[in-house]
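Reviewing the structure listed below.
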Amino acid sequence: MRVAIIGAGPSGLACALELERRGINPDIFERSGKVGYAVPRVEILLQLFQRPQRDLLHYLFNNFGIKLKPLSRVQSYIMYSSRHTVPIKGKLGYLIERGQSRNAVEVQLAKSLRSKIKFHTHAGYRALASEYDYVVVAEGNHAAANELKTWETTVTAWAKGAIVLGRFDPGTAFVYFNTDFARHGFGSFKPFNSERALLSLQVPYIDHSELNYYWNNFMEIEKFHPEIIETYELFYTGGVTSRQQVDNILLTGNSGGFTDSFLGLGLLPGMISGAMAGKAIAEGLNYERLVSPLISQVKRLSAFRKAFNTMNNDSLDHLIGTIGLPGIKHIIYNTNVDVLNLLYPFIVKYFRKN
């Protein structure tokens, strides 16, 4: 069986590893010269958003044989609104590096591959679909899904990040909600280690010309005076797909609408979608049926984003303050109750009424 994978990001590499586990060596095409972002980033895996899975890295290994080394375990997650600070403690998840260093998830996955990656190659999915039995699109953008008329954009956002130096707790991450600097997005602070961290801001529905205005507000309001050694800016388009497979073309990761950027939580669903594509191809299974739980999760996150988009600072303060109440905080973060699944019907009902 001949399988082509377009894109050597986490979802494409997860697909390749799953195919190799099942005796299929895919051809992998990557338009850049190496795997990973040029500027390093930190992403967070929060157990809250993947219940009932208790340990997300164990889940990847037990189900797909993917073994990843995190930067650290998240033991403290501190949420800020304009008037409230809510610290959460526990075994909350992991911090994962993205980029080109040996610790980056892309590099870790690529090192486990037997198949060669064809770098500096712009591969077209339509041409490959006539040459290969299956084509897996994992390009990190929605171009293919849009052409196949299966894509619906749900959010666009500009993000700015800075690599900063200082002294940090590697097990503590921070998230900031304030419409004065993030509109209906968020700021975050996530350490690489005890001396280096990523400070970032994602602002939806703005033009690039407005980004520095919000970034400067972020620095001023939260009283950041960091030693910055590197910055990046990027534009993100998120959405959902009505179909995840069209003929012999399978859409994974952001190309399949699996990586909603709400709170920066798209890494794990994107990887799982890639691994599921590999499993579906190797075993002759229905890919869309395999990923239906992921699609349901994306729909829930989209509903929460829609609710989030209606909030001003007063309602954000109320939300964060409520989350900080002892009993509620315990249920949300320190049990295995699928809170998002329980709340989803009420959010849908609210928007139908309004």
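The values are calculated or read from the model by the stated rules, or taken from the named source; none is laboratory data. Treat the numbers as computed from the prediction; the structure is a model and nothing was measured. Every residue, glycine among them, receives a Cβ derived from its backbone with ideal geometry; neighbour counts consider all protein chains shown.
Residue count for the stretch 6-25 under the criterion of being assigned to a loop (DSSP other than H, G, I, E, B) and either within 24 Å of the chain's Cα centre (by Cα) or under 14 Å from VAL107 (Cα atoms) (or both): the result is 3. Which of the residues spanning the stretch 190-242 are of a type in the set (Val, Ile, Thr) and in contact with a His (Cβ under 7 Å, 6 or more places away or on another chain)? Across the stretch 190-242, the qualifying residue is only THR237. Scanning the stretch 179-232 for residues that are within 21 Å of the chain's Cα centre (by Cα) and of a type in the set (Val, Ile, Thr), we see that the one that is farthest from ASP314 (Cα to Cα) is THR231. The criterion of at least 1 residues that are in contact with a Lys or Arg (Cβ under 7 Å, 6 or more places away or on another chain) and not aromatic (Phe, Trp, Tyr) is met by the following helices (runs of 4 or more DSSP H) wholly inside the stretch 262-313: 267-283, 287-290. Any residue that is modelled with pLDDT under 90 and either among the β-branched types (Val, Ile, Thr) or surrounded by fewer than 19 Cβ atoms within 10 Å (Cβ to Cβ) (or both) - is there at least one of those in the stretch 270-278? No, there is no match, as no residue in the stretch 270-278 is modelled with pLDDT under 90 and either among the β-branched types (Val, Ile, Thr) or surrounded by fewer than 19 Cβ atoms within 10 Å (Cβ to Cβ) (or both).
Note on the stretch 1-45: residues that are buried (at least 20 other Cβ atoms within 10 Å of the Cβ) and more than 15 Å from ALA138 (Cα to Cα) total 6. Taken over the stretch 226-261, the residue count meeting the criterion of being crowded, with 24+ Cβ neighbours inside 10 Å, part of a loop (DSSP other than H, G, I, E, B) and at pLDDT 95 or above is 2. Inside the stretch 183-206, residues that are surrounded by fewer than 21 Cβ atoms within 10 Å (Cβ to Cβ), without any contact (Cβ under 8 Å) to a residue 40 or more places away in the chain and either at negative phi or not charged (D, E, K, R) (or both) make up a count of 3.
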